[in-house]
């Protein structure tokens, strides 16, 4: 039988990293920067959190406190993702290099950093643990509300997640509000649609683009942190994060650049990702591999449909992917 | 002078055209800087002095005859993907699907070897899998191209998603073909009969691959530089409306070019399975589909530059592999070094395309100019 109440929480847990990535990428794209480095940024965010947590656990010697256990990985993750954001910004905004090229290089680099430090951290710090298992810090990340398990189905569906999951939803809602309803959001969108006009109106293009890309990267980095510290219970496995970063970028188009829609979009994608676990296939193991194709096939179908319908309000920001040079006419 | 009226400290202007010598000097300087940073990073990780690090890199890449051959093989694969990417890229079509196109070509080759092995002569298997791999690679790239040409579908994500469709398809067949059962591993296909294996030239296993890729590179150079197709690709890449105006059928050019691009990726997959690996895994492409795009971009479609950039990246990744083995570090170290090199070369493009005028230096030039004619009169 298909167990819906077991399926939904798992779909949501799968969707949260996508939601972080999608919200971050949306902010960046709204300012005109198509950041294909998001998969790399999410790896870097994850591994920086792991490094922070690992060093803290090593120094705390079993005496892990709640506040530093959350603050240190969180800050490390934000700092790492910010550095990646700055790298992308310097290359594409200041040096005006092609965004796709920089993004692809950043993905290679970021995934390399994640796997390298994930595989060599123990060797580099000279400690004697056999593998990176951060269960004591991870416990604080995945802590749920005390009454979550006593409130029946409602508790299971809505209250049974670690705090970062709620952070993801809140960030998405705030982002949607800021983009749509505030002056900052209006100017940010102007920068992405037509930077020359925005520039003439007195908007500081460079500042907006830098801020949007860096904040976007920091939010996306949290997705990596959530994945390792909460979903994977603090166990780092190389390449385990997989291609979620690319799915997050696809989700941006799927949700038509609307972070509030992305909340449900990401849960839907999360569901597609794990559907193969819930469809009975008997002894045919191989068929499961075909079911794993689902999120990608759905993305392709969505791409085709949005391309065909070609509605004006569903289009990407007009100057998406183009560098801005004031003297270029 | 009030602050607002002052000339900005740094003023950036676009260069018209830089002569290629100067451009290459900038690129070489950026590579040297990148190598220095790479050495510093390696120094921090391993605690060795930079000279011995470069020694280890060269040792890892060129140390023995076998390592030299592996370097050649790896460079050939990367070069082949970059050559495949070049035409699509020149047309400003972002083909991020190189991974999938290679993999699906490799899959078809493996399928031919498994299902036809022992039933028909080896030559027939090679021919069928060669043609099949090129065709299926072309189809894999042609589908996104068709939708791009007809409905302007976003090709970046479409080609990207096709990668994962290919990966899952291969994962499905790996479970069906796995040998022994339960290992999630196909093993060496037709090990005893060698059906469908490309022949060795003399005793050199990798030579044929390298020669084929060299030939493809030359052909692509000629195709892009001297054929009518190459010209059409360049025009479509510069401006689609211009292309339409001069009577080029843009959608046809897009689809045709992507068929070429995907076909060469499929060929690359064929070469890897039939020529060197004789097995198939989901990680066969190993990120080279993406790396190939960067190589094509960095080389600016210059075939010789493509060879050099591929070689540089392969030397660094082989060398980094050696270092990681020596010091018990993770093999992904190579990706970090590759990333550093890429960032530096990418960044150097700015200094080729733009001129930086610092406040003051400009004035000197102006004064010299205004003084110039007078000086000539006296």
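Bear in mind these aren't lab numbers, they're just calculated from the coordinates by the rules spelled out. Values in this document were obtained by computation on a predicted structure and should not be read as measured data. Heads up, the Cβs are rebuilt from the backbone with ideal geometry, glycines too, and the neighbour counts pull from every protein chain shown.
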With a Förster radius of 45 Å, plug the Cβ-Cβ distance of residue A:7 and residue B:41 into 1/(1 + (r/R0)^6) and report the FRET value to the nearest 0.05.
-> 0.50
Between the Cα axis of helix B:207-226 and the main Cα principal axis of chain B, the angle (0 to 90°, nearest 10) is 50
Roughly what angle does helix A:259-278 make with the longest principal axis of chain A, taking Cα atoms, 0 to 90 degrees, to the nearest 10?
-> 40
One finds the C-alpha centres of segment B:96-123 and segment A:108-129 to be spaced, in Å, by 36
Can you bin the protein assembly as shown into rounded, prolate or oblate? Criterion: square roots of the alpha carbon gyration tensor eigenvalues sorted a ≥ b ≥ c, rounded for a/c under 1.5, prolate for a/b above b/c, oblate for the rest.
-> rounded
Relative contact order of chain B, defined on C-alpha pairs under 8 angstrom at six or more residues apart (%) | 34
Taking every residue in A:244-251, how many Cβ atoms of other protein chains lie within 10 Å of its Cβ, on average?
-> 2
In peptide A:86-97, what is the residue-averaged number of other protein chain Cβ atoms found within 10 Å of each Cβ?
-> 3
How large is the helix-only mean residue ellipticity at 222 nm for chain A, computed as the sum of -39500 (n - 2.57) over DSSP H runs with n ≥ 4, divided by its residue count, in deg cm²/dmol to the nearest 500?
-> -22500 deg cm²/dmol
Extend 7 Å from the Cα of residue B:241 along its Cα-to-C-beta direction; within segment A:187-225, residues with backbone N under 12 Å of that point are none
Cα axis of helix A:66-89 to longest principal axis of chain A: angle in degrees, 0 to 90, nearest 10?
-> 30
Ignore the peptide's own chain and count Cβ atoms of other chains within 10 Å of each Cβ in A:106-115; give me the average, rounded.
-> 6
Checking rank on B:341-349, A:223-231, A:35-43, with mean other Cβ inside 10 Å and highest first, the result is A:35-43, A:223-231, B:341-349
Build a GNM of chain A with springs between Cα atoms under 10 Å: which of A:315, A:187, A:99 gets the top mean-square fluctuation?
-> A:315
Where does the Debye-calculated log10 I(q)/I(0) of segment A:4-314 sit at q = 0.07, 0.10, 0.14, 0.15 Å⁻¹, using only Cα point scatterers of equal weight, no solvent?
-> -0.28, -0.57, -1.09, -1.23
When the helix-only estimate is applied to chain B (DSSP H runs of n ≥ 4, each -39,500 (n - 2.57), divided by the residue count), what is the mean residue ellipticity at 222 nm, nearest 500 deg cm²/dmol?
-> -24500 deg cm²/dmol
Please work out whether segment A:57-187 counts as rounded, prolate or oblate from its C-alpha gyration tensor, where a ≥ b ≥ c are the square roots of the eigenvalues and a/c under 1.5 means rounded, while otherwise a/b larger than b/c means prolate and anything else oblate?
-> oblate
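Please report the relative contact order for segment B:27-132, taking Cα pairs under 8 Å with a sequence separation of at least 6, and give it as a percent rounded to a whole number.
Relative contact order, segment B:27-132: 12 percent.
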Rounded, prolate or oblate (a/c below 1.5 giving rounded, otherwise prolate when a/b exceeds b/c) for segment B:79-311 by Cα gyration tensor = prolate
